[in-house]
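Structure first, then comments.
Each value in this text was obtained by applying a stated rule to the coordinates, not by laboratory testing. All values derive from a computational prediction rather than experimental measurement. Positions of Cβ are generated from backbone atoms using ideal geometry, with glycine treated the same way; all protein chains shown enter the neighbour counts.
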Amino acid sequence: MPPALSEALNTPLATPLVTLRESATLRESRAAGTIPAGMPRHGRPLAPQVVTGIIAAVDAVAILATGLAASTLAEGSVAPPLFGLVLIVGLVLGMHALRWSGARQFDRLCKAADSLLPLAMAWASTAGALVALLYLLGAFDPPMTSWLAIWSLLALGALVAGRLVTCLSMGAWQRAGRLTQAVAIVGTGPEGQRLLRRYRANPRDDRHVVGVYDDNRASHARFCVGYPILGGLDDLLAEIREGRVDRVILAMPLSDENHALAAALRKLSLAPVDVGLCLDQVHIHLQERGWREGAGDEPPVLDLLRHPLTGWRSIAKTVEDRVLAAIILAMISPVMLAIAIAIKLESRGPVFFKQKRHGYNNQLIEVYKFRSMYHHMADANAEKLAQRNDPRITPLGRILRRTSLDELPQFINVLRGEMSIVGPRPHAQSAKAGGLLYRDAVALYDSRHRMKPGITGLAQVSGWRGETSTVEQIVKRVEHDLRYIETWTVAGDLKIIARTITSSILAKNAY
């Protein structure tokens with residue numbers, strides 16, 4: 001780090017913490033509206049890029065649909081080749097004009113008045129460009145003129161109606177807290193106080209500071225610059241596990257001697273949350289990789305950790321899981337029925353085996369499997385992992401486990417949104433490697449819970465499945481799981497699914 005930057009980051013700020021005696025300031029600030037009150041969220045948060053992407057899709061549909069509808073209302077018939085050309089050109093020009101005019105800018109969508117004028121100007125310029133195109137082509141015949149006039153009016157009406165509906169929807173989402181990012185601040189020192197003052201002086205509807213966290217806070221302090229100190233990093237992790245925090249900003253000095261910063265990063269790397277380092281102490285003029293200039297009152301932030309699935313990536317993963325799970329369940333339902341009948345005929349007990357396992361964000365889920373052990377010898381907590389020639393496993397169970405057919409009911413977990421088709425495998429709570437619980441054997445074990453668990457995963461198709469008799473085996477599994485999380489793509493998932501089909505047939509280390 002440059003000495004000047006290090007010196008700037010460590011410049012002291014002589015402002016004490018707000019103590020209990022000043023708690024009245026907190027109440028006054030909330031009453032005055034300078035500090036946002038608690039904002040419980042109802043429903044999943046909506047990323048701005050997702051909202052604007054949906055609006056763009058609605059705009060495209062409106063332009064195409066009104067163009068087709070206008071062709072049925074126009075006097076006379078337009079030649080198909082020319083009609084198709086003008087329709088496509090109008091769609092392309094219209095979409096670009098709406099983007100350039102700022103009609104789809106996120107902060108304008110909440111108020112119809114802010115987006116209607118640029119929208120009208122964008123479509124008017126598009127219609128003008130189409131008129132110029134027809135003039136150059138010499139295609140100003142009555143049918144084409146009639147169609148273009150009707151299309152222009154219908155499209156403008158549809159786009160305006162879409163913006164009005166968007167405005168109402170945005171208001172409902174805002175009231176539900178779905179457009180508000182819940183931010184937690186780590187650090188009650190000079191850096192944290194400076195950042196909180198900026199937030200306090202510039203409240204925003206899309207940001208809610210849930211509180212301040214610091215393991216080294218003064219024991220008598222309850223508030224920092226009017227914001228409540230809610231505990232240390234363990235308390236912050238608990239809030240993240242409950243889904244109450246979307247982003248964490250570390251307001252701490254950046255230096256080699258700052259062990260608190262390193263400790264905070266180690267803990268926060270276990271949770272699915274965005275983590276940034278506030279660089280409010282310096283002015284950054286160059287956009288380098290990893291640096292993000294603040295918007296408005298936001299200070300520059302160095303992105304340190306990113307949630308593996310946000311925005312469209314999260315939607316793509318969800319659609320992939322639900323669609324493929326529905327298709328696969330429809331295809332394998334006869335096989336599942338046959339397996340269920342065979343299990344009932346072979347031994348007494350239920351068809352399904354249910355087991356509590358850690359899922360996304362370390363939450364417990366109930367995972368389904370076909371029962372492969374004798375019912376009276378079942379091990380619900382997986383105190384002892386299955387081994388070669390395990391007497392607890394039925395003859396049919398050996399076949400099911402060797403071919404991974406016992407995992408088929410987990411597609412039900414996928415449809416319920418508890419699991420993914422591809423992801424880190426969910427492990428039983430008491431599973432051990434080398435006599436140690438998995439969490440004790442691998443320091444970053446909980447980092448694998450930043451994604452939903454999967455029926456299959458990179459570790460499984462890479463040969464790290466089955467028994468874990470040594471610590472090295474679970475270490476390798478976790479290494480592959482973390483590599484998968486950091487490099488996730490839809491194409492990568494499809495490749496793993498294809499490899500799973502072949503590796504399940506040839507598996508040698510699943511008992």
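General remarks:
- Cα-projected label distance for residue 92 with residue 346, points at 7 Å along beta-carbon direction, nm: 6.0
- Between residue 399 and residue 85, the C-beta separation translates, for a Förster distance of 60 Å, into a calculated FRET efficiency of about 0.45.
- Taking only alpha carbon atoms, segment 48-175 gives an Rg to Rh ratio of 1.02, where Rh is the Kirkwood radius.
- Assigned charges on the beta-carbon of Lys, Arg, Asp, Glu; segment 240-279 dipole about Cα centre (debye): 180
- Cross-link pairs exceeding 18 Å between alpha carbons, from the set 432/452; 267/317; 369/495; 432/476; 356/452; 344/369: 432/452; 267/317; 369/495.
- Taking all pairs of distinct alpha-carbon atoms in segment 312-505, Kirkwood radius in angstrom: 17.1
- Burial order of peptide ranges 162-168, 181-187, 94-100, 73-79 (average beta-carbon count within 10 Å, highest first): 181-187, 94-100, 162-168, 73-79
- Taking label positions 7 Å along the Cα-Cβ direction at both residue 337 and residue 105, the computed distance is 5.9 nm, reported to one decimal.
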